[in-house]
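Let me begin by presenting the structure, written as structure tokens, before commenting on it.
Read the figures in this text as sums done on the coordinates, not as results from a lab. Please read these numbers as outputs of a predicted model, since none were measured by experiment. Every residue, glycine as well, gets a Cβ built from its backbone with ideal geometry; the counts of neighbours run over all protein chains shown.
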Amino acid sequence: MLPDLVFSFLTAFFLVVLAMPALIKVAKLKHLVDEPGEARKLHHRSIPTMGGILIFAGTIIAYCLWFPSKSEWQFGQNYRLLDALNEFKYLVACMFILFFMGLKDDIIGVSPSKKLFIHLFVGMILVLMADIRLTEFWGLLGIEEISYPMSIGLSLFVYIVIVNALNLIDGVDGLAAGIGLIASMTFAYWFYRTGDYPLALLAVGLGGSLMGFLLFNFQPARIFMGDSGSLIIGVVIYVLTMKMIEFPSQRMSHTMMSVSKPVLAMAILAYPLIDTLRVFIIRAVQGRSPFSADKNHIHHKLLSLGLTHRQVSLVLYAYTVFIIILTFLTPASTPNLSFIIVGSVAVVLAYSVFLIRPGRSANTSSSTNGNAVLHKP
């Protein structure tokens, strides 16, 4: 199993690395670039926005090439590969829908109402047809199983939140791709340890694509992922999140049962979730649309403190890794206590940067575009 996961990661990685220079050249020739000029944009030169093409291709190709051909695969515990194939066919359909919507948005734009309709359509495919949804909270907040109607509504909401949250942090070179890489590799580790080969394979495929993309997106960025990339990351992370939370306890080792699944899922996405919640609340209080433009994200604050894009990304990578490790150190037997500890630390650390007074001017030589999913921020 482990060798195939490594090969899947390397397949996605090298596909992106080898194809990216040609994609950058074509994007520049066809003028498929993000131009500087708007106040919210931090870069000062034209940068291609088509990086999501290879994130999309690398993830799917690596997953398909290394998916097992046997009717059933066993690692520690039995797992029905037929179920994985059934789920993957819906995921691939959703990835294609979101990819082409994102590609169109990157080139000519898509209205917020159309985006919302497409997201609801994709969400219903995943929730109603693929049955990838929340059914219980495993004791978190005192909630065990939830009703079917609540499960549908909550799962659709979670899908919208995750996709938007990952898209909204795409505002500094390497940030969204790096956070996506950390998230995907954490999921890969978790599913590997629990014996779910297909989901671990999906996670490492995304991780390999993002690692390859980071070589061209880390400061100074040569290409942006655009919505065509951030939407792909969002939908894959949503599926991995739901499948981890819903993973049967009887198929888990004692070690993996020592961490609360819902708390770990929130910890993996701590930065995008906290940052998105914060800016949405501020915009609502100010009477503005939650998807309106501003420069009030945590990464903007770190830039105002004098950090470079590279330093901002590294700080937020470290923050994400720390919150994930902290979750593994808190007791799963008391999920509410784990949630309080991890949540409090995550919020306090994230908001503490607003207590620091700005120093020298931020380095704003280049950045990603930071587009929202339902509206350009």
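Here the peptides 106-115, 126-135 are ranked by packing, the mean other Cβ count within 10 Å, and the order with the highest first is 126-135, 106-115. Sorted on the mean count of surrounding Cβ atoms within 10 Å across their residues, most packed first, peptides 250-258, 270-278, 153-161 read 270-278, 153-161, 250-258. Of all the stretches in the chain, which is the longest one without any exposed loop site, taking GluC sites (Glu not before Pro) in a DSSP loop (any state but H, G, I, E, B) with at most 12 other Cβ atoms within 10 Å? The answer is 145-377. Between ASN296 and ARG357, the contour length at 0.36 nm per residue exceeds the alpha carbon distance by 20.5 nm.
Projected label points at LEU10 and SER46, each 7 Å from Cα along the beta carbon direction, are separated by 3.9 nanometres. Pairs with C-alpha atoms separated by more than 21 Å, drawn from the list LYS30/LYS104; LYS115/LYS243; LYS25/LYS295; LYS25/LYS104, are LYS115/LYS243; LYS25/LYS295. Distances between every pair of Cα atoms in the chain, grouped in 10 Å steps from 0 to the bin holding the largest one, split as 5, 24, 35, 26, 9, 1, 0 percent. Once R0 is set to 51 Å, what does the formula 1/(1 + (r/R0)^6) return for the Cβ-Cβ distance between ASN86 and LEU349, expressed as a FRET efficiency to the nearest 0.05? For ASN86 and LEU349, the calculated efficiency is 0.80. With helices as the sole contributors, the chain gives -21000 deg cm²/dmol at 222 nm; each DSSP H run of n ≥ 4 counts as -39500 (n - 2.57), and the sum is divided by every residue.
Remark: spin-label model distance SER333-ALA22 equals 5.7 nm, labels positioned 7 Å along the Cα→Cβ axis. Less than 5 angstrom separates the built amide H of SER260 from those of ALA332, all sequence-distant by 5 or more or on a different chain. Straight Cα distances below 16 angstrom link LYS28 to the aspartates and glutamates ASP106, with same-chain residues fewer than 8 positions distant left out. Approximating the spin labels as points 7 Å out from Cα along Cα→Cβ, the SER113-to-LEU305 distance works out to 4.3 nm. Backbone phi angles across the range 227-240, fed through the Karplus curve with coefficients 6.51, -1.76 and 1.60 (θ = phi - 60°), yield HN-Hα couplings of 5, 5, x, 5, 5, 5, 4, x, 6, 5, 5, 4, 4, 5 Hz in residue order; Gly and Pro are listed as x. With the charge dipole of the chain set up from +1 on Lys and Arg Cβ and -1 on Asp and Glu Cβ about the Cα centre, the Cα lying farthest toward the positive end among the listed residues LEU15, SER111, VAL26 is that of VAL26. Near MET50, the amide H atoms lying under 5 Å from its own belong to PHE224; only residues 5 or more places off or on other chains count, and H is placed 1.01 Å from N. Rounded to the nearest 20, the size of the Cβ-charge dipole of the chain about its Cα centre is 1020 debye, with Lys and Arg at +1 and Asp and Glu at -1.
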